[in-house]
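J.: Dropping the structure in here first, questions after.
The values are calculated or read from the model by the stated rules, or taken from the named source; none is laboratory data. These numbers come from a predicted model, not from an experiment. FYI the Cβ positions are ideal-geometry reconstructions off the backbone, even for glycines, and counts take in every protein chain you see.
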């Protein structure tokens, strides 16, 4: 009798079993999150790059009110002056403070880069998961759209449309986002197709769970690593695309500035007044380098197997 009671007390009730399972899943998620975080912290280059990116993003908005000159203000007594205590980055031919202009250009370029990266990644994740999960007409239709947009001369088309909008930043974000998601969507589609026939997805499907709910609850969490990596890498790509448009005169239009317009103006006198070119170009290189290093660090933290494969690859 005593043995029977002890066994009955030791057997968990259904509610206790569910609670224990939920706690176990939460513990596994927390341990995985902390493991990824520790892996990322071990990559010193990625950590330093992330700190620099955050400081650059905050600084380009926080520092301009503290400067004695605005980006459009003219100093007729300091025309094309080299860096000095009064003008840390020097001045241009109109006497405008290059530090204030560089910070203004960083505001435009980094804002466009971050927005384009997030929007294009959302589009890629949506199209890729829908095309990879549903095996009906949606997959060939979406892949046909991807193939069509890949062969369209996107840079030329964006240049024409942006020029007609007079370099409006909203239009630039929308257009760059529309032409920056295709390759990523193919990667997400391939990963979704590999997950579509897994046991947990099949079990959810047999239980009557709808396709969109399966995508949100089961597919997206399993492709989140590639989505996060893609977002980080797309920041540098979008900044470079915006800079290229502005450099050619199709992006941000005067009197406003971006890193591309500053570099374009500085190339005309790069040998005689090198600070006009070196400071904006150096900031651009720093932003793109930091974004790529952060993306590499996230990839190594979320997918350590890829790092081991690169180390084993013969050179």
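J.: Take the residues in the range 62-80 that are modelled with pLDDT of 85 or more and closer than 20 Å to residue 278 by Cβ; name whichever of them is nearest to the chain's Cα centre (by Cα).
T.: The qualifying residue nearest to the chain's Cα centre (by Cα) is 63.
J.: For the range 238-255, enumerate the residues that are surrounded by fewer than 19 Cβ atoms within 10 Å (Cβ to Cβ) and in a loop (DSSP other than H, G, I, E, B).
T.: Residues satisfying the conditions are 248, 249, 253, 254, 255.
J.: Scan the range 99-112 and tell me whether some residue there is assigned to a loop (DSSP other than H, G, I, E, B), surrounded by 13 or more Cβ atoms within 10 Å (Cβ to Cβ) and in contact (Cβ under 8 Å) with a residue 40 or more places away in the chain.
T.: no
J.: Mind checking which residues of the range 134-163 are in a helix (DSSP H, G or I), at pLDDT below 90 and farther than 22 Å from residue 233 by Cβ?
T.: 138, 139, 151, 156, 157, 159, 160, 161, 162, 163
J.: Being in contact with a helix residue (DSSP H, G or I) (Cβ under 7 Å, 6 or more places away or on another chain), without any contact (Cβ under 8 Å) to a residue 60 or more places away in the chain and in a helix (DSSP H, G or I) is the filter here, so list the residues in the range 267-287 that pass it.
T.: 267, 277, 281
J.: Okay, moving on. Is there a residue being in a helix (DSSP H, G or I) and either without any contact (Cβ under 8 Å) to a residue 40 or more places away in the chain or touching a helix residue (DSSP H, G or I) at 6+ places or on another chain (Cβ under 8 Å) (or both) anywhere in the range 79-98?
T.: yes
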